[in-house]
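Report on one structure; see the data block that follows.
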Amino acid sequence: MSKDLTITVEQDHIESLTRANGITALSELIWNALDADATEVRVNYHKNALGKYEKIVVQDNGHGLEYTKAEEVFKRLGGSQKKSQPTSPNGRPYHGKEGKGRYKSFALGDLVQFESIYSENGSSKTFNLTIDRNTLRKPILGDLKSLPSKASSSFVVTIHNIDDKVADEAFRKESRSDLQEKFASYHISYPDFQIVINGQNLEFDNLKRNTFEKDIDEVLIEDKRYTFKIKVIEWNFDNKKKTYLCGDKGIPFKEIALGIRSSLPISIFIQSDYIEKLHRENKLVLSEMDENVEAIYNEAKKIARNYVRERLHFYSKEFINDLKREKVYPYTDEAVNDVEIAKRQVFDIVALQVNEYLPSFNEQDIASKKLTLMLLKEALESNTSSLQKILAEVVGLPDDKRDELADLLEKTSLENIIDTMKELTDRLTFLRALELLIYDPEHSKSVLERRHLHKIIVKETWVFGDEYTYGADDITLQNVLRQYLKELGREDFEEVVKSEDNSQLQTIPDVCLWKQFSTGAGKSYINLVVELKKPDVDAGFDQLRQIQSYAQKVIKDSRFPKENTKWVFILLTRNIKDEIEPQVGQQHREYGHVTEHSNADVWVLPWGNIIQKAKIRYQYVKDKVNINFSDNENALALLKEKYSEYLPENFDAPKENKTTEVKETSDVL
């Protein structure tokens, strides 16, 4: 005799579980079959003469559901054995865990019948269970019956009173690719199953154009180490472009935005035991709040961007070869280093996109095509923002395609390599110019250190160290420094960062540069104070005593708490007197490091040491880009371009190249 079961939760809660779109509802039924170790899942739908759905049948050849477990499984929500057993009898990891997936079938129709056939003690058993949407809390469990002959185990879900709109979502042609995308990663780990919809197999292998995988090992989370696998699958069809958070075997538990713009049809699969752990603990729903998942998601986006960039470059080869044959390709020399290779890769991608989305490009005459490509090259090598302007105003690339390119160029693994390399190249060139301004007789005689040089240096504080690249003026810092000026032998100083009027600068004995830099650790800061003596003052006992006394007074000021503030004082002159060489060149300290406090350092250095230290930091860049930085004309031209307002009138580059040797010291700041 059949039994009326009562589910011990409220009706409205069960109702909430029945809501889903057609793809999700059908996917849950398929996942239930795969969790039962099915190797074949057949989905059939039947329509009447009016084109309306009569019923939907999902049948699998899994191990079925035993009658003794059916009452427990259907009587209480969350009673699934999947919660206590992580894998199926055949070792497949479970997709579901709470037994909630069966209720998604009610998104497709109002009446659902379940039929199970299974083996028990050498014979075949069967039973039915029916649930009506109107009485969701009261499933009807039919009697257990013995079949007269042995039958293969199976589980059949039959859905009646169909919602045609939701069913269309599940079965329209476009949805087939969505289903293939959902199960593709799982199929890589467990290829021994097939899904058949009205006689047509879902395909997996021949719908994948290309696959890329990368492992991220040994991520320590809560005293346990987890591995993550990032898969990028490129499809042969235009997909929905999503990222799937999966268990380590590729079962997707959550889908989120792809996270990048891509003209290629790709999906990202992030696989890990950690994601499965969050799923089991009902925490994956808030994955965006988990800093570990977010970190891996960001890494996956970088990997995907790099994949897209490299694939686009691969696809551009034939097009680029045509440009070379036409002799309109703007790069005529061979790439000799990584930077030149990267430039060409990015250019090739941009050119391919222009050709693909602007059919008129290929119809241009040779001269016009060559001009367009040269504009792209020049803009790309200037900076990527210039490139965007060219693409918008000259080439006329559509907004969405420009956005794709911007995302690709700015966030590839190269991290804006072209813009960055230009900045580093300019820095090396600037150092050469600075060396000439200070030590080359022809230029130092016309450049006033205070009126000109100091105005330039305040905008290039990175010369003192990379940590001083970006800073801000602070009024408290200014007031503290003013209070102790008498220690430097004067009542006032010219704050170069504030002053615009140089008319009285001749009477000022020297200049003080100051800036504040965040350490990136909470509200902690480094205060950099640079004391610049006038050209005819070398550093000796008096100057050393002054900077040490000044530093001692400043660092004790209560306006800057010791635990949050680090001070760096630099006394900078053209030369160092022999009388203080013992203090400047102390054993076990870097050259120039004369005093060390718990939260402060005092340095006395000649300009040559600062320049050489900066040059050493960027030497690897010089070697990479193969640029000759002994070219005085190029160096001074850069200086004129950036700082013409701070250079003497009629300041010109020399007619012939000269090099000026500067004494190097093994240990500098």
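Here are some notes:
- Condition check for N210: touching a residue at least 40 places away in the same chain (Cβ under 8 Å), surrounded by fewer than 20 Cβ atoms within 10 Å (Cβ to Cβ) and within 18 Å of V58 (Cβ to Cβ): no
- Within the stretch 417-445, if we keep just the residues that are open to solvent by 40 Å² or more (accessible area, probe 1.4 Å), of a type outside the set (D, E) and over 19 Å from G608 (Cα atoms), the residue that is modelled with the highest pLDDT turns out to be K422.
- Of residues in the stretch 307-326 being modelled with pLDDT under 85 and open to solvent by 30 Å² or more (accessible area, probe 1.4 Å), the one nearest to R261 (Cα to Cα): E310
- Count - residues of the stretch 115-152 that are farther than 24 Å from E15 by Cα and in a loop (DSSP other than H, G, I, E, B): 10
- Within the stretch 585-612, residues that are under 19 Å from V537 (Cα atoms) and open to solvent by less than 10 Å² (accessible area, probe 1.4 Å) reach partners that are basic (K, R) and part of a loop (DSSP other than H, G, I, E, B) with beta carbons closer than 7 Å, at six or more positions or on different chains, in the pairs W607/R574; G608/K663.
- Condition check for L141: modelled with pLDDT under 90, more than 24 Å from V43 (Cβ to Cβ) and either touching a helix residue (DSSP H, G or I) at 6+ places or on another chain (Cβ under 6 Å) or open to solvent by less than 10 Å² (accessible area, probe 1.4 Å) (or both): yes
- The one condition from (1) out of contact with any Phe, Trp or Tyr (no Cβ under 7 Å at 6 or more places or on another chain); (2) touching a residue at least 24 places away in the same chain (Cβ under 8 Å); (3) part of a loop (DSSP other than H, G, I, E, B) that N282 does not meet is (2).
- Within the stretch 238-248, the set of residues being modelled with pLDDT under 85 and surrounded by fewer than 18 Cβ atoms within 10 Å (Cβ to Cβ) comprises D238, K240.
- Selected residue [farther than 25 Å from A20 by Cα, β-branched (V, I, T) and surrounded by fewer than 18 Cβ atoms within 10 Å (Cβ to Cβ)] from I188, I216, I260, I233: I216
- Test: R176 is surrounded by 12 or more Cβ atoms within 10 Å (Cβ to Cβ) and either modelled with pLDDT of 90 or more or in a loop (DSSP other than H, G, I, E, B) (or both): no
- Answer from N321, N298 - the residue that is farther than 30 Å from R92 by Cα and part of a helix (DSSP H, G or I): N321
- Within the stretch 266-276, restricting attention to residues that are modelled with pLDDT of 90 or more and not aromatic (F, W, Y), the residue that is most open to solvent (accessible area, probe 1.4 Å) is D273.
- Residue in the stretch 532-545 that is at pLDDT below 85, in a strand (DSSP E or B) and open to solvent by less than 30 Å² (accessible area, probe 1.4 Å) present: yes
- Scanning the stretch 569-584 for residues that are open to solvent by 10 Å² or more (accessible area, probe 1.4 Å) and either out of contact with any Pro (no Cβ under 9 Å at 6 or more places or on another chain) or of a type in the set (D, E, K, R) (or both) gives R574, K577, D578, E579, E581, P582, Q583.
- Every residue from the stretch 289-333 that is acidic (D, E), in contact (Cβ under 8 Å) with a residue 12 or more places away in the chain and more than 29 Å from L352 (Cα to Cα): D290
The values are calculated or read from the model by the stated rules, or taken from the named source; none is laboratory data. Everything numeric here is computed off the predicted structure, so don't read it as measured data. When we count neighbours, we look across all protein chains shown, and the Cβ atoms used for this are built from the backbone with ideal geometry, even at glycine. Ligands, DNA and RNA are stripped out before the accessible areas are found, and what is left, the full protein with its side chains, is counted by its heavy atoms. Shrake-Rupley method; radii C 1.70, N 1.55, O 1.52, S 1.80 Å.
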